[in-house]
Amino acid sequence: MKLLGIGSRIEHSELGKGVVTNVSSTQYWVTFIEGGLETIAIDSDIEVIEAVEDEVDTVSFSDVEMSLISILRRWSDTSNATAIASKWKGGSLIMSPGDPGLSDKEIPITTFFHKIVMVRDRIRVMEQKINASKNLNDQEKVELQQYITRIYGSLTTFNVLFQNKSDYFIGEKTK
């Protein structure tokens, strides 16, 4: 069996799609779109999407980083890969109406999380467009930025879903 090189794209039955970022004699280090960095045995049951068969030592860290960025952009519909906290993986969200005659609505929590991340990413794009706008004066930009900050503040409840604090919604800081 020929070893996969750094930059190879794979799909693991449980961890999803990822890219090989390092190789040892017994393991691949793989950065998965959903789950981040994991090590898996070389003989793991994986599907090879795109094999890189160059010598492992010939690929620089910069090459791997650029390859990973490209893959994440191609396979993800968000601007950054955002991981859900592991305690929520496999869970579900159940919404129960106050009217006993109506039935509950249950959705996988990962579906709900994905929608929250899309909202966050779209707010960020809106924020960038406001800041880059040549049609708004500075006062208008500040006012719109304050609304965006309040939107983020309204969404802080959902921070419990994120694996990394760097992905949290942050509203206005209290003094």
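The values are calculated or read from the model by the stated rules, or taken from the named source; none is laboratory data. Not measured: the values here are computed from a predicted model. Note: ideal-geometry Cβ built from the backbone for every residue, glycine included; neighbour counts use all protein chains shown.
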Is there a residue in region 129-151 that is more than 15 Å from the chain's Cα centre (by Cα), within 30 Å of LEU37 (Cβ to Cβ) and not aliphatic (A, V, I, L, M)?
no
Spot the failing condition for ASN164; the list is (1) surrounded by 13 or more Cβ atoms within 10 Å (Cβ to Cβ); (2) polar (S, T, N, Q); (3) under 15 Å from the mean Cα position of the chain (by Cα), and only one is missed.
(1)
Does ASN159 fit the bill of being loosely packed, with under 11 Cβ neighbours inside 10 Å and not acidic (Asp, Glu)?
no
Just the residues that are within 30 Å of LYS87 (Cα to Cα), without any contact (Cβ under 8 Å) to a residue 60 or more places away in the chain and of a type in the set (S, T, N, Q), please, taken from region 122-175.
THR149, SER154, THR156, THR157, ASN159, SER166, THR174
Does region 107-120 include one or more residues that are part of a strand (DSSP E or B) and in contact with a strand residue (DSSP E or B) (Cβ under 6 Å, 6 or more places away or on another chain)?
yes
Within region 1-36, work out how many residues are surrounded by fewer than 19 Cβ atoms within 10 Å (Cβ to Cβ) and in a loop (DSSP other than H, G, I, E, B).
11
Would you check if there is a residue in region 99-119 being among the small types (Gly, Ala, Ser), exposed (fewer than 10 other Cβ atoms within 10 Å of the Cβ) and at pLDDT 90 or above?
yes
